[in-house]
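A short write-up of the structure that comes next.
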Amino acid sequence: MAPPVINLARKLGQFDEQWTPKVIAQLGDYQFKLAKLEGEFVWHQHPDTEEGFLVLSGQLQIEFRDQCRTLQVGELCIVPRGVEHKPVAPAEAHVLLLVREGTINTGDAPANQLTNDSDQWI
């Protein structure tokens, strides 16, 4: 049986919420998640896993305590485990995330209105 083809544009059309990653695929212990981002997130880290950001549309800044990386469409950044960071999207950006299954999006930050600890599939 052939695996399904996942259309990212169609999946992005299935939700409007920002900062609420949606699972679209899984590879071993890692999940591919789509997210719509705008504004500033919270400072946080993931002590047990890396986090990958691939920009599909718009622009994403990932602030680190000592520098900032600006990602354009088609650019990827892997944040190492335990590195504090804060994603910022000046305007709406669509991002493909790669994170270990069960990872809370706000990492070690106290739970807040941006915390999404569910693995909602679309």
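ALA93 satisfies every condition listed in (1) of a type outside the set (Phe, Trp, Tyr); (2) in contact with a Pro (Cβ under 7 Å, 6 or more places away or on another chain); (3) more than 18 Å from ASP117 (Cβ to Cβ) except (2). Would you be able to tell me the number of residues in segment 1-26 that are aromatic (Phe, Trp, Tyr) and farther than 22 Å from GLU40 by Cα? Going through segment 1-26 one residue at a time, the tally reaches 0.
Condition check ((1) among the acidic types (Asp, Glu); (2) touching a helix residue (DSSP H, G or I) at 6+ places or on another chain (Cβ under 6 Å); (3) closer than 19 Å to ILE122 by Cα) across all residues:
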site	(1), (2), (3)
ARG10	no, no, yes
TRP19	no, no, yes
GLY39	no, no, no
TRP43	no, no, no
VAL73	no, no, no
GLY82	no, no, no
LEU98	no, no, yes
GLU101	yes, no, yes
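Only one entry in THR70, THR49 is of a type in the set (Ser, Thr, Tyr), within 22 Å of ASP119 (Cβ to Cβ) and either in contact with a strand residue (DSSP E or B) (Cβ under 8 Å, 6 or more places away or on another chain) or modelled with pLDDT under 95 (or both), namely THR49. Would you please name the residue that is nearest to PHE53 (Cα to Cα), looking only at residues in segment 68-114 that are among the polar types (S, T, N, Q) and surrounded by 17 or more Cβ atoms within 10 Å (Cβ to Cβ)? Going through the qualifying residues, I end up with ASN105. Close Cβ contacts (under 8 Å, 6 or more residues apart or on different chains) running from residues in segment 59-73 that are under 15 Å from LEU96 (Cβ atoms) to residues that are part of a strand (DSSP E or B) and among the small types (Gly, Ala, Ser) comprise GLN59/ALA89; GLN59/ALA91; GLN59/ALA93; LEU60/ALA89; LEU60/ALA93; VAL73/SER57. Is it the case, given these coordinates, that ILE6 is touching a Phe, Trp or Tyr at 6+ places or on another chain (Cβ under 9 Å), assigned to a loop (DSSP other than H, G, I, E, B) and hydrophobic (A, V, I, L, M, F, W, C)? For ILE6, the condition - touching a Phe, Trp or Tyr at 6+ places or on another chain (Cβ under 9 Å), assigned to a loop (DSSP other than H, G, I, E, B) and hydrophobic (A, V, I, L, M, F, W, C) - is met.
The values are calculated or read from the model by the stated rules, or taken from the named source; none is laboratory data. What you are looking at is a predicted structure, and each value in this text was computed from that prediction instead of being measured. Backbone-built Cβ (ideal geometry, glycine too); neighbour counts: all protein chains shown.
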